[in-house]
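All remarks here apply to the structure that follows.
The values are calculated or read from the model by the stated rules, or taken from the named source; none is laboratory data. Keep in mind that what you see is a predicted model, and the values were worked out from it rather than measured. FYI the Cβ positions are ideal-geometry reconstructions off the backbone, even for glycines, and counts take in every protein chain you see. The protein model used for the area step is the full one, side chains on, heavy atoms only, and it has no ligands, DNA or RNA in it. Shrake-Rupley method; radii C 1.70, N 1.55, O 1.52, S 1.80 Å.
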Amino acid sequence: MILMEQTMRWFGPNDPVSLADIRQAGCTGVVSALHHIPVGEIWTVDEINKRKNLIEDAGLTWTVIESLPVHEDIKKQSGDYKLWIENYKISLKNVAACGLKVVTYNFMPILDWMRTDPRFTMPNGSKALRFEKSAFIAFDLFILKRPNAEKEYTPEEINKAKTRFEKMTPAEKETLYNNALLGLPGSEERFTEEQILTALKTYAHINAKKLKEHLFYFLQQIVPTAESLGLKLAIHPDDPPFPILGLPRIVSTEQDAQELINAAPSPANGLCFCTGSYGVRPSNDLPGMVRRLGDHIHFLHLRNTKRDNEGNFYEADHLGGDTDMPEVVREIVLLMERIGTSIPMRPDHGHQMLDDLTKKTLPGYTAIGRLKGLAELRGLELGIARYLD
Ligand code: DNO
């Protein structure tokens, strides 16, 4: 019986959740990154080892890097992109030299993940992360005032967003602004309105087709390096899995995933299978994706979302929501049996609940909510694996 390797994300020494907490949650590994190194710069062996030692001193393993971020120039093939790609390869060599095995990254232009409300109150009083379409459109049209943005929305959507905006308290507007421009945990960039408008302009000539070409080129450059080093690359899907602020998003569907694998065929070229991100699109068949893409799944983010038909979603309990988690976990158990290897997993996000409601926490990354998710997933997996054995 092969079980997933249980990990949690750790943002480094300033994370309010400690390594000891993570160990007590039952994890054997952590997922971490050197967020203090500017995007594009080389991760040195020294810096990598410093983090690795901290983790190992706490009795844990640094199982996955999340993320080794990709410079914007690489996504646009502009400026010094060739240099950034060379730097990326050197960072890969260095992480491999330190004994690390899995490297997560994403190819979302400018912004990483996006929610409009990190403290959406659930019926039981816990807080969940939510994406509300009208609030997001209100941000785009009335806070950011992105030129020509109204062309991307229907008159009904605009009216709804206007009403929504007029009803927002100043505090709500502030939260929306902070999430969108200052970023959620793990996002590497911080923007003012002006900076983002300038950044958006630099993507004006880049549509989805072009961005895909840039991703494929990047993969063709780095995958051979990763393969020769015995590393596994794991691309995180777009979150949410649709275009935002007029920016193309190209890792949102099974077809996207298949295409990027085909662009640089190698066991090193793989996916971070994030059920929370892919699961927001009703057309993504998650258990089927595990069956069909399994050989390229190097890392798992297990999380659930609940959509409505207006384009909103919130982060549900790990075993609740629209994704059939038991079915997904069953496929993962079968996959690991077939390939004879354990795949690292982290319970992705969790509700802010119990004592965490009054603590300073990072949105989505509270200790108790993630512990609850992990415990449920662990039990689900063990039950399935024992039953299938
Ligand atoms: C959010 C995360 C993302 C993810 C990056 C991977 O909670 O899933 O920030 O780490 O997109 O590159």
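Descriptive notes on the structure:
- Single match in TYR203, TYR278 (criterion: touching a Pro at 6+ places or on another chain (Cβ under 6 Å) and surrounded by 24 or more Cβ atoms within 10 Å (Cβ to Cβ)): TYR278
- Filter result (over 16 Å from ALA135 (Cβ atoms) and either more than 16 Å from the ligand (Cβ to nearest atom) or basic (Lys, Arg) (or both)) within segment 153-190: THR154, PRO155, ARG190
- Cβ pairs under 8 Å, 6+ apart, first in segment 297-316 and without any contact (Cβ under 8 Å) to a residue 40 or more places away in the chain, second open to solvent by 10 Å² or more (accessible area, probe 1.4 Å) and among the hydroxyl-bearing types (Ser, Thr, Tyr): ASN304/THR323; THR305/TYR314; THR305/THR323; LYS306/TYR314
- Selection within segment 64-79 - surrounded by 19 or more Cβ atoms within 10 Å (Cβ to Cβ) and of a type in the set (Ser, Thr, Tyr): SER67
- Selection from segment 90-132 of residues that are closer than 30 Å to HIS296 by Cα, of a type in the set (D, E, K, R) and more than 10 Å from the ligand (Cβ to nearest atom): LYS93, LYS101, ARG130
- Residue pairs meeting the criteria (Cβ under 6 Å; at least 6 apart or on separate chains; first free of Cβ contacts under 8 Å to residues at least 60 places away in the same chain, in segment 131-142; second among the hydrophobic types (A, V, I, L, M, F, W, C) and surrounded by fewer than 20 Cβ atoms within 10 Å (Cβ to Cβ)): ALA138/PHE165; LEU141/ALA149; PHE142/PHE165
- Within this structure, ARG23 fails the test of being buried (at least 21 other Cβ atoms within 10 Å of the Cβ) and among the basic types (Lys, Arg).
- Checked against the criterion of being touching a helix residue (DSSP H, G or I) at 6+ places or on another chain (Cβ under 7 Å), closer than 24 Å to ASP295 by Cβ and of a type in the set (D, E, K, R), segment 340-357 contains one or more residues that satisfy it.
- The condition of being more than 23 Å from ARG292 (Cβ to Cβ) and open to solvent by less than 10 Å² (accessible area, probe 1.4 Å) holds for only one of LEU260, LEU247, that being LEU247.
- Scanning segment 294-333 for residues that are open to solvent by 20 Å² or more (accessible area, probe 1.4 Å) and basic (Lys, Arg), we see that the one that is farthest from MET353 (Cα to Cα) is ARG330.
Per-residue answers, yes or no, for (1) within 16 Å of the ligand (Cβ to nearest atom); (2) within 19 Å of GLY279 (Cβ to Cβ); (3) not hydroxyl-bearing (Ser, Thr, Tyr):
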| position | (1), (2), (3) |
| --- | --- |
| GLU310 | no, yes, yes |
| GLU315 | yes, yes, yes |
| MET325 | no, yes, yes |
| VAL328 | no, yes, yes |
| MET336 | no, no, yes |
| SER342 | no, no, no |
| MET353 | no, no, yes |
| THR366 | yes, no, no |
| LEU374 | yes, yes, yes |
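- Among the residues listed as LYS50, LYS82, the single one being under 24 Å from ASP21 (Cβ atoms), open to solvent by 50 Å² or more (accessible area, probe 1.4 Å) and in a helix (DSSP H, G or I): LYS50
- Screening segment 89-185 for helices (runs of 4 or more DSSP H) wholly inside it with 3 or more residues that are open to solvent by 70 Å² or more (accessible area, probe 1.4 Å) returns the ranges 155-167, 170-177.
- Residue list for segment 338-386, filter: touching an Asp or Glu at 6+ places or on another chain (Cβ under 6 Å) and buried (at least 19 other Cβ atoms within 10 Å of the Cβ): PRO344, HIS349, THR366, ALA367, ILE368
- Evaluated against (1) open to solvent by less than 10 Å² (accessible area, probe 1.4 Å); (2) under 30 Å from THR305 (Cβ atoms); (3) in a loop (DSSP other than H, G, I, E, B), TRP43 falls short on exactly one condition, (2).
- Among the residues of segment 355-389, those that are outside any loop (DSSP other than H, G, I, E, B), under 27 Å from PRO185 (Cα atoms), in contact (Cβ under 8 Å) with a residue 40 or more places away in the chain and among the aliphatic types (A, V, I, L, M) comprise LEU357, ALA367, LEU371, LEU374, ALA375, LEU377.
- Filtering segment 62-89 to residues that are of a type in the set (Gly, Ala, Ser), touching a residue at least 24 places away in the same chain (Cβ under 8 Å) and more than 14 Å from the ligand (Cβ to nearest atom) leaves only SER78.
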